[in-house]
Structures are given as structure tokens and as C-alpha cells.
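What follows is a single structure, written as C-alpha cells, with notes after it.
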Amino acid sequence: MPKMSAGLLVYRRSDGGIEVLLVHPGGPYWVKRDDGAWSLPKGEYEPGEDPLEAAVREFAEELGSEPPDRSDAVSLGQLRQPSGKVVSAWALEGDLDVSEIRSNTFEMEWPPRSGRTGEFPEVDRAAWFDLSAARRKLLRGQVGFLDRLEELQA
């Protein structure tokens, strides 16, 4: 069975159209990557766990704040990632001050084979992007969620 992940695609309306909230992964492997490196706030969940509840939990862990009211969440379905992982996502309208994020952290050996362990944020920053910029920033396997959000707004 493939790994399962769930996330929230939070969006807001602006004079220029729709903007979406994306997060940039923390840690040394991602520090110099930008285009094609951003993601929906998301995380893995276990079989039998409610994926929407997992998406809400992961949003709070990665951003340090509760998401907008999830009672209006609209399913964007699932997408299989190039890694084989299956991501479920929900669209949720709302706003968030991205200057206030406080991500949880993880530990890993860094540099590799050094014997030293470093602590890194799971997410090192979050930002709002219009749909055109989001298509460039987002991981390739998640771009389909932007298409589905656009269809819902049409």
C-alpha cells in the first residue's frame, strides 16, 4: 500500500485573482531550491485515520496556527506523486499572516556521515502566490490541485 498524505490548499481572493498558501520545506537539502520545491501544508496519515483531520493537524504543526474554519473545506481529490505517495487535498478559503509561522522541527545527521545531528524546521517559510507563480513554485506532483481549485472557482 502506498504512503498516504493529506493537506490543505488554503486560498484567498485578491484584486489580481486567487492566491494560494504554499510552504517551503526546511532542512539542508532544500535550502537552495525554490522553483518546484514548494508544497501544500501536508503530512502522512495512517490507515483508518480521517484524512481531513490529518490535514488539519499537519497544517497546525507546519505553520504553528490553526487553519481557517474547515467546515467549508471542499475535497480536491487525490493525486499520485512521482514517488508513489498518494496525496489527498482540500480547498479552504481563508487568510493567514505568513510572517508569524512557527513550524515543528525534525532531527537528522548533518552533514551526512559526520556523526553530528542537527535540528531543522519542517517548514522554513510560507508565502502567498498567484496561480501562475504557484504553478512554478509547487512540486510537480501537486500542480493538479491548482487546476482543480480553478475549476471550482469557474
> Would you say Gly48 is at positive phi and either surrounded by 16 or more Cβ atoms within 10 Å (Cβ to Cβ) or over 14 Å from the mean Cα position of the chain (by Cα) (or both)?
Replying inline: yes
> What do you reckon, is Ala89 open to solvent by less than 30 Å² (accessible area, probe 1.4 Å), closer than 29 Å to Pro47 by Cα, touching a Gly at 6+ places or on another chain (Cβ under 6 Å) and not β-branched (Val, Ile, Thr)?
Replying inline: yes
>> Given the condition in a strand (DSSP E or B), at positive phi, open to solvent by less than 30 Å² (accessible area, probe 1.4 Å) and touching a residue at least 40 places away in the same chain (Cβ under 8 Å), answer yes or no: does some residue in the range 75-84 qualify?
In response: yes
> Does the range 105-122 include one or more residues that are at pLDDT below 95, surrounded by 15 or more Cβ atoms within 10 Å (Cβ to Cβ) and within 21 Å of Gln81 (Cα to Cα)?
Replying inline: yes
>> Suppose the filter is crowded, with 19+ Cβ neighbours inside 10 Å, within 16 Å of Asp124 (Cβ to Cβ) and aliphatic (A, V, I, L, M); does Val31 pass it?
In response: no
>> Whether any residue in the range 124-132 is farther than 18 Å from Val23 by Cβ and open to solvent by less than 40 Å² (accessible area, probe 1.4 Å) is what I want to check.
In response: no
>> Please go through the range 24-72 and give me each residue that is of a type in the set (D, E, K, R) and part of a loop (DSSP other than H, G, I, E, B), ordered by number.
In response: Lys32, Arg33, Asp34, Asp35, Glu46, Glu49, Asp50, Glu66, Asp69
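The values are calculated or read from the model by the stated rules, or taken from the named source; none is laboratory data. For clarity, every value in this text was computed on a predicted model and none was experimentally measured. Here the Cβ is made from the backbone with ideal geometry for all residues, glycine too, and neighbour counts use every protein chain on show. Surface accessibility is based on the protein's heavy atoms, side chains included, excluding ligands, DNA and RNA. Shrake-Rupley method; radii C 1.70, N 1.55, O 1.52, S 1.80 Å.
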